[in-house]
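Novice: Below you will find the structure I want to go over with you.
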Amino acid sequence: MTVAPTGNMVKPVLSIKSTNALRQPSDGDNQGATHLSIEDFSVFYREFQAVKNVTMVVPSGRVTAIIGPSGCGKSTLLRAMNRMNDLIPGVRTTGRLCYLGVDIYGRECDPVEVRRRIGMVFQRPNPFPKSIFRNIAWAPRINGYRGDISNLVEHALRQAALWDEVKDKLDQSALALSGGQQQRLCIARAIAMQPDVLLMDEPCSALDPIATSHIEDLIDELKKQYTVVLVTHNMQQAARVSDRTAFMYMGELIEIDETRTIFTKPKKQQTEDYITGRFG
Amino acid sequence: MTVHFVNQLDELLLRSVRMGNLVEDMVQEAGEAVFEPGDRLARRVISRDFAVDDEEVKVESEVIRLMALYQPVGPDLRLLCTILKVNNDLERVADCAVNIAERACHLDAAKDLPGAETVRQMDPLVRRMLRDVLQAYSAQDGEAAKKIFTEEEMVDALYAQTVKTIVAEGADSSHEMASLLDMLSVAKNLERIGDFATNIAEDVVFLSTGDIVRHQSPPEES
């Protein structure tokens, strides 16, 4: 077992908060604290309002799933949580989306630093066409990581439950891995940047049931150290892996509650109709 | 697929309610058999138990099949869980009816026995509880089911009175001990049927609201 890497990135200041204050929620004993706080938040694609005045919190150290039909705005909201929508022409936001109390859409906030602290894993595994080792090591290196990079790579791969499968072939191309392994590599790549929050946009939709099971087990482990927000079409998956579930419909947040409540006695009729398949 | 599933759920609930109606008939006939001469009714009750047992297994299999194939959530999950639990309770109510019927075969002069009077009061009360709770179950009406709770207390009180009467008067009466024990058994089985009706009512409340109300003090009446 490796020890947690001790090297530091060169961190631009996110905002007025100190670096120590920002890193505090990853200590693992802070369940219940709020990591992301979203207040009256909207996202527009030019005139179209994809996310409508959403207000919710993402508690630390827990898995929050966002479910809803296609086009409901769940992926847009997820991508807004680390400013991934910034690169899309015509996108604008209103309201506040705060990370540890700092509005990530504030003027002084660096989106690159936001994405370092709030990592993302996409629907389809997207490893770089490089070796397994370099896939993990690349981002920490260009961010000025000063510790033992081999230790960091091993730690990230272990946390992503991939180390035992790849430890003897770290120099091989990441593209030679299976789909499930590639996705766990992408999770390891995100972990290597030592984020606080992991955003996952349908991370299992391109995977078979066995690979999906690996990722779900991994999410359960990851929540001990990270806050996870998961967008999924698979309601059973949301029920299995998340602590809290948010249901969105046509850009609006209809209901958010403990997952067991959402899937046994939801308060809103729309939620009940959706989870039972009586929708539309 | 959803329409198909909903149709199957509806059919299963209907099937469970029909099984409840069969059990209800058995309880009624068992109660009548206690005070009726001869054992015609009692034998009829005993013979119908096989149909209930058979139906219980079929309903349970269907619940498991639907859970495995559709992985229901929310109210659908609650309905299947409720059907499974009610199914079990109904089978046990049928067993109680059979127990009463078996005692009835030996009770030719039940009406003169100590405790007969209170048993006569328990019988229609228990039958009404069963009828009302099955109607609430069929309608998935938690509020209607809650009305059963107070009736259970009345059944318990009557049972306690029956025991007291048999103990007090039994020793001095001219009746055989076996007959007294048969009457006591009838009362005990009626009381258990009341308990099962209450269990079903609790399950219907869960079905309706998602709240588990078992093992709680009854709400105080205002």
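The values are calculated or read from the model by the stated rules, or taken from the named source; none is laboratory data. Quick caveat: nothing in here was measured; it's all calculated off a predicted structure. When we count neighbours, we look across all protein chains shown, and the Cβ atoms used for this are built from the backbone with ideal geometry, even at glycine. What goes into the accessible areas is simple: the full protein's heavy atoms, side chains included, and nothing from ligands, DNA or RNA. Shrake-Rupley method; radii C 1.70, N 1.55, O 1.52, S 1.80 Å.
Novice: Would you call B:ILE83 away from every other protein chain (no Cβ under 14 Å), within 15 Å of B:GLN8 (Cα to Cα) and in contact (Cβ under 8 Å) with a residue 60 or more places away in the chain?
Specialist: Yes; evaluated as a whole, the condition is true for this residue.
Novice: With the requirement that a residue be basic (Lys, Arg) and more than 22 Å from A:GLN194 (Cβ to Cβ), what does the range A:219-255 give you?
Specialist: A:ARG240, A:ARG244
Novice: Yes or no: the range B:147-156 includes at least one residue that is part of a helix (DSSP H, G or I), modelled with pLDDT of 95 or more, over 28 Å from B:LEU9 (Cβ atoms) and among the hydroxyl-bearing types (Ser, Thr, Tyr).
Specialist: no
Novice: Given the criterion more than 23 Å from B:ALA160 (Cα to Cα), surrounded by fewer than 17 Cβ atoms within 10 Å (Cβ to Cβ) and either among the charged types (D, E, K, R) or at pLDDT 95 or above (or both), identify the matching residue among B:GLU91, B:GLU55, B:GLU60, B:GLU117.
Specialist: Sole residue among the options that is more than 23 Å from B:ALA160 (Cα to Cα), surrounded by fewer than 17 Cβ atoms within 10 Å (Cβ to Cβ) and either among the charged types (D, E, K, R) or at pLDDT 95 or above (or both): B:GLU60.
Novice: Taking the stated definitions as given, is A:SER178 more than 27 Å from A:CYS98 (Cβ to Cβ), at pLDDT 90 or above and open to solvent by 20 Å² or more (accessible area, probe 1.4 Å)?
Specialist: yes
Novice: Would you call B:ILE83 within 30 Å of A:ARG240 (Cα to Cα) and open to solvent by 70 Å² or more (accessible area, probe 1.4 Å)?
Specialist: no
Novice: Can you tell me which residues in the range A:49-92 are of a type outside the set (A, V, I, L, M), open to solvent by 10 Å² or more (accessible area, probe 1.4 Å) and in a strand (DSSP E or B)?
Specialist: A:GLN49, A:LYS52, A:ASN53, A:THR55, A:PRO59, A:ARG92
Novice: Take A:PHE247 and tell me if it is within 14 Å of chain B (Cβ to nearest Cβ) and part of a strand (DSSP E or B).
Specialist: Considered against the rule, which asks whether it is within 14 Å of chain B (Cβ to nearest Cβ) and part of a strand (DSSP E or B), A:PHE247 comes out as yes.
Novice: In addition: How many of the residues making up the range A:261-280 are more than 10 Å from chain B (Cβ to nearest Cβ) and out of contact with any Asp or Glu (no Cβ under 9 Å at 6 or more places or on another chain)?
Specialist: 1
Novice: Conditions first: (1) touching a helix residue (DSSP H, G or I) at 6+ places or on another chain (Cβ under 7 Å); (2) within 14 Å of another protein chain (Cβ to nearest Cβ); (3) part of a helix (DSSP H, G or I). B:PRO72 passes all but one, so which condition is the exception?
Specialist: That leaves (3) as the condition not met.
Novice: Restricting attention to the range B:1-39, report how many residues are of a type in the set (Asp, Glu) and either within 17 Å of B:GLU62 (Cβ to Cβ) or buried (at least 19 other Cβ atoms within 10 Å of the Cβ) (or both).
Specialist: The qualifying residues number 4.
Yes/no matrix, rows are residues, columns are (1) farther than 29 Å from A:ALA50 by Cβ; (2) touching an Asp or Glu at 6+ places or on another chain (Cβ under 7 Å); (3) open to solvent by 20 Å² or more (accessible area, probe 1.4 Å); (4) at pLDDT below 95:
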{"residue": "A:LEU170", "(1), (2), (3), (4)": "yes, no, yes, no"}
{"residue": "A:GLN194", "(1), (2), (3), (4)": "yes, no, yes, yes"}
{"residue": "A:SER205", "(1), (2), (3), (4)": "no, no, yes, yes"}
{"residue": "A:ASP217", "(1), (2), (3), (4)": "yes, no, yes, yes"}
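Novice: Hey, B:ILE100 hits all of (1) within 14 Å of chain A (Cβ to nearest Cβ); (2) of a type outside the set (Asp, Glu); (3) surrounded by 19 or more Cβ atoms within 10 Å (Cβ to Cβ) but one; which does it fall short on?
Specialist: Just one mismatch for B:ILE100, condition (1).
Novice: Condition first: surrounded by fewer than 24 Cβ atoms within 10 Å (Cβ to Cβ), of a type in the set (S, T, N, Q) and closer than 22 Å to A:SER205 by Cβ. Now tell me which residues in the range A:233-270 satisfy that.
Specialist: Selection gives A:ASN234, A:GLN236, A:GLN237, A:THR259.
Novice: Related question: Taking the condition surrounded by fewer than 20 Cβ atoms within 10 Å (Cβ to Cβ), within 19 Å of the chain's Cα centre (by Cα) and more than 13 Å from chain A (Cβ to nearest Cβ), does B:ARG44 pass?
Specialist: In short, yes.
Novice: Among the numbered conditions (1) open to solvent by 30 Å² or more (accessible area, probe 1.4 Å); (2) within 25 Å of A:THR245 (Cβ to Cβ); (3) out of contact with any helix residue (DSSP H, G or I) (no Cβ under 7 Å at 6 or more places or on another chain); (4) part of a strand (DSSP E or B), tell me where A:CYS98 comes up short.
Specialist: Only one criterion in (1) open to solvent by 30 Å² or more (accessible area, probe 1.4 Å); (2) within 25 Å of A:THR245 (Cβ to Cβ); (3) out of contact with any helix residue (DSSP H, G or I) (no Cβ under 7 Å at 6 or more places or on another chain); (4) part of a strand (DSSP E or B) is unmet by A:CYS98, namely (1).
Novice: Of all residues being among the charged types (D, E, K, R), open to solvent by 60 Å² or more (accessible area, probe 1.4 Å) and touching a residue at least 12 places away in the same chain (Cβ under 8 Å) in the range B:165-219, which is nearest to the other protein chains (Cβ to nearest Cβ)? Just the residue, please.
Specialist: Selected residue: B:ARG214.
Novice: Which of the residues spanning the range B:1-49 are assigned to a helix (DSSP H, G or I) and among the small types (Gly, Ala, Ser)?
Specialist: B:SER16, B:GLY20, B:ALA30, B:GLY31, B:ALA33, B:ALA42, B:SER47, listed by residue number.
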